[in-house]
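Please read the structure below before turning to the comments.
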Amino acid sequence: MKEKMITGITPSGEMTLGNYLGAIKRAVEFQDEYELYVFIANLHAITIPQDKEILRKNTKEIAALYFACGLDPQKSTVFLQSDVLEHAQLGWILNTQSSIGELSRMTQFKDKSSKTKAQSKDYIPAGLFTYPTLMAADILMYDAKFVPVGIDQKQHVELTRDLAIRVNNKYGTVFQIPEPLISKDKIKIMDLQDPTKKMSKSSTNQKAIIYMLDEPKVIEAKIKAAITDSENLIKYDPKNKPGVANLMTIYTTLKKITIKEAEKHWQGKNYKDLKDDVAAALIETLAPIQQRYKQLYNSSEVEQWLKDAAIKAQYEARKKLNKVQNALGLNYNRK
Ligand code: ATP
Ligand code: MG
């Protein structure tokens, strides 16, 4: 039997290059080897205020993009999180098993709550604080052994492991212990305007982000305007030259070459050459995905695929939730 694997994306904005290279591309590559579950995390999206029409639009776009990137509905279970009610129920149960101390240590919470404050919103949603417990439910629900995530989510998968071990020790084994699957090169695509920050779809500076649906002209302009430094020397040094290093990471990941090979390729060249190469590589990779996306977005196929997958996921989720509820005494008669 194949091991299970799960990954998700929050429809909190338009899909970025970071999402693609950090998670989706790898999930697509794993489809044959693993039993893959992929969900659109709309319950996570509402941990920060969302306009309902924009949320729906982002959800539709991300769904069509998932399939356009190569997820195959015949092989993988691709569904909408809110279609499987058990996620929220198990999320609540895991919430009760977590501590304020451990949730306070999540760096994503620190980042996102400080952003919320900076945008002078008048409150920090409690959901932003507790969402790692819902994420734990998403993962533990399907006995996923592996979770392909970007390095920014590693801490949450570690918390998931802690919660699973805690519940298993307290109530008897109900959960499989998952592992984060981070690519060997641990790629983290950085913001083009502030390369010390990761590229995030919920960030407000559009110029700083390559979206999967950006047109060639837009890609060229964004890469041209990407922050580098004044040295004009192409060298991989993320600490001192984060902007240049980020462009190099994008290029080498797209072209499947090593940093050493790239440095050799750019020997004696300048930042204009570097940027031209990066933009061309991006356009080449994104064009076929965008073409497929357009066909899918205007068809009814995607909705049907999501519905079929939700039915399959519901069946699995119900089995797991029954087991957990029984273990915790959440039923009138022990089963
Ligand atoms: P948000 O700003 O709403 O958190 P996000 O861009 O961080 O959006 P998520 O939906 O949180 O995207 O994450 C989807 C997947 O993409 C996760 O597996 C995450 O690890 C990965 N990911 C997100 N940003 C990057 C990045 N800059 N580089 C590599 N992987 C990333
Ligand atoms: Mg994120």
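Here are a few things to note about the model shown:
- C-alpha center-to-center spacing [segment 132-178, segment 301-335] in angstrom: 17
- Normalised contact order of the chain, rounded percent, pairs of Cα under 8 Å and 6 or more residues apart: 21
- In a simple Cβ point-charge model (Lys, Arg +1; Asp, Glu -1; nothing else charged), the chain has a dipole of about 620 debye relative to its Cα centre.
- Each Lys or Arg adds one and each Asp or Glu subtracts one; over the other residues with Cβ under 13 Å from the Cβ of Phe129, this totals +1.
- For the residue pairs Lys145/Lys241; Lys110/Lys275; Lys2/Lys154; Lys115/Lys319; Lys115/Lys307; Lys198/Lys235, alpha carbon separations beyond 31 Å are given by Lys145/Lys241; Lys110/Lys275; Lys115/Lys319; Lys115/Lys307.
- Positive-end extreme of charge dipole, the chain - chosen from Ser114, Gln97, Asn246 (charges on Cβ): Gln97
- Partner lysines for Lys256 [C-alpha distance under 17 Å; skip if fewer than 8 residues away on the same chain]: Lys25, Lys184, Lys186, Lys188, Lys264
- Were the residues from Thr258 through Gln325 laid out at 0.36 nm apart, the gain over their Cα-Cα distance would be 19.2 nm.
- Rounded tilt (10° steps) of 126-140 against the dominant C-alpha axis of the chain: 80
- Percentage, to the nearest whole number, of Cα pairs in segment 206-294 over 23 Å apart: 20
- Comparing Pro132, Pro73, Pro288 in a Gaussian network model of the chain where C-alpha atoms under 10 Å apart are linked, the largest mean-square fluctuation is found at Pro288.
- Between 0 and 90°, nearest 10: helix 271-297 axis offset from the chain longest Cα axis: 40
Laboratory data are not the source of any read-out in this text; all were calculated from the coordinates shown. All of these numbers come straight from a predicted model, not from anything done at the bench. Glycine gets a Cβ as well: all are built from the backbone with ideal geometry, and neighbour counts include every protein chain shown.
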